[in-house]
Amino acid sequence: MAGPLEGIRVLSFCTALSGPFCTMVLGDMGAEIIKIESIDEGDLTRASSHQINGVGSYFLSVNRGKKSITLDLKSERGRKIVFDLVKTVDVLTENFRPGVMDRLGLDYETVRKINSRLIYTSISGFGQTGPYAHKPAFDMIAQGMGGVMSITGPEQPGSPPCRVGYSIGDMGASLFAANGILGALLERQKSGEGQRLDVAMLDCQVALCENAIARYLGTGEISRPLGSRHPLSTPFQAYETKTKPIIVIANTEKLWASFCKAAGKEEWLTDERYNTKYVRLGNYKDFNPMMTELMRTKTYEEWVELFEKCEVMYAPINTIEEVVEDPQVLSREMIVELDHPQAGRHRIAGTPLKFSRTPCRIDKAAPELGAHTKEILSERLCMTEEEINKLKEEKIIG
């Protein structure tokens, strides 16, 4: 079966991460992604520092299955080609700073006159409106301004701020944008009309900080970094053992009883300082040092053996090397292999979307720069080979 978005076409002006990850999600579900790139260099991540046979691993990981067409967007003929392509697609995505698409003559009001059914999606740092709209932004700026860095990192006072270890500023916007596009496509079935979707990285970080924001608005409490521990339950964190860290979660009385049995601490079940999750949390300053000392009395492997017998909830803290070889991860096809003309056989992360009837297919690698220019122009716009060659000579296409 084809993917759930089979037949949907997306024209993407996206580069780096926030936009390409969004269109990758749509592509995994079967949408055709036509990626517009500059003639000389293309997406800036093609030349990222981590290379596989001269191809950026960053680019390979988030541009799988897409079609690449190179165009000079500053030329009138290049824009005419874009306008012609707009007539053939369902979605347009871009992640430039506000104003760039306007200067190119590809703003929403202009484009919607060509295709009133188009879902025009803009991903930017601060959105298309507001006092910061004109400012540039990268992932860390969104994390910092959105509050996430203020609640991430070690609990010790004076510790420097920490960003989330992957680009949640970009990825959060990507996933919200993909979600919004799906909603707009669904609504279009009823109205017959397209619309503009404005997604800001800062907005998305505020939305993802909902728990900390709700706590502040409800109680006035300002959340602070807590290391690995949960603010509302304990034990619910990572602990050091003799060999390597282990995550322990006992946030219900049943799990707490299982933990005490496994640890040989049944007396804690009747100790009024620790016998309920509420008093454990209230006495955290006294309770946690005892837990920390206890967990360091055995190796990780010894704790695992005890926890498995008593059905305690636990987990390792895997390195990325361990993640990509984890049997559960592999059984879910979360690591896939693809062939690329230049990079060769390589592995990337798969898709978490598992449909029962219309499965996602990840069977094509990221495109070489401009690899589909001739195909798109001839099949979508019915251009002749002579016309295409002339565009090459005039450097309208690569």
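Each reported figure results from applying straightforward, stated rules to the coordinates on display, with no laboratory input. These numbers come from a predicted model, not from an experiment. Note: ideal-geometry Cβ built from the backbone for every residue, glycine included; neighbour counts use all protein chains shown.
Given +1 on the Cβ of Lys and Arg, -1 on the Cβ of Asp and Glu, and no further charges, what dipole in debye does the range 246-316 carry about its Cα centre, rounded to the nearest 20?
The dipole of the range 246-316 has a size of about 200 debye.
When the chain is fully extended, how far beyond the present Cα-Cα distance does LEU226 get from ASN179, taking 0.36 nm per residue of separation?
Full extension of this stretch gives 13.9 nm more.
Using Cα-Cα distances under 8 Å and only pairs 6 or more residues apart, what relative contact order does the chain have, in percent?
It comes to 20 percent, rounded to a whole number.
How much length is gained if the chain between LEU44 and ASP107 is pulled fully straight, taking 0.36 nm per residue apart and subtracting their Cα-Cα distance, in nm to one decimal?
20.4 nm
Apply 1/(1 + (r/R0)^6) to the Cβ-Cβ distance of PHE83 and LYS392, taking R0 = 25 Å, and write down the FRET efficiency to the nearest 0.05.
0.80
Suppose R0 equals 22 Å; then what is the FRET efficiency for ALA214 and LYS285 from their Cβ-Cβ distance, rounded to the nearest 0.05?
Rounded to the nearest 0.05, the efficiency is 0.35.
State to the nearest 20 debye the size of the charge dipole of the range 59-211 about its Cα centre, where the only charges are +1 on K and R beta carbons and -1 on D and E beta carbons.
Rounded to the nearest 20 debye, it is 660 debye.
Putting +1 on Lys and Arg Cβ atoms and -1 on Asp and Glu Cβ atoms, find which of TRP303, LEU255, PRO245 reaches farthest to the positive end of the dipole of the range 171-317.
The one lying farthest along the dipole's positive direction is PRO245.
Need the C-alpha centroid separation for the range 104-123 versus the range 244-291, integer Å.
Here the answer is 57 Å between Cα centres.
Between ASN53 and SER331, what is the spin-label point distance in nm, taking each point 7 Å from the Cα along the Cα→C-beta axis?
3.3 nm
Compute the separation of the alpha-carbon centres of the range 24-38 and the range 369-398 and state it in Å as a whole number.
For the range 24-38 versus the range 369-398, the Cα centre distance is 19 Å.
Just to be sure I understand the model, the point goes 7 Å from the Cα along the line to the Cβ. What's the resulting GLU321 to GLN128 distance in nm?
About 4.8 nm separates the two model spin labels.
Grab the beta carbon distance between THR292 and CYS162, set R0 = 22 Å, and tell me the FRET efficiency rounded to 0.05.
0.60
Which entry in (i) 1.19; (ii) 0.93; (iii) 1.39 is this structure's computed Cα Rg over 2.2 N^0.38 Å?
Checked against the structure: label (i).
Compute, for the range 90-151, the length of the dipole vector about the Cα centre, with Cβ point charges of +1 (Lys, Arg) and -1 (Asp, Glu) only. Units Debye, rounded to 20.
Rounded to the nearest 20 debye, it is 100 debye.
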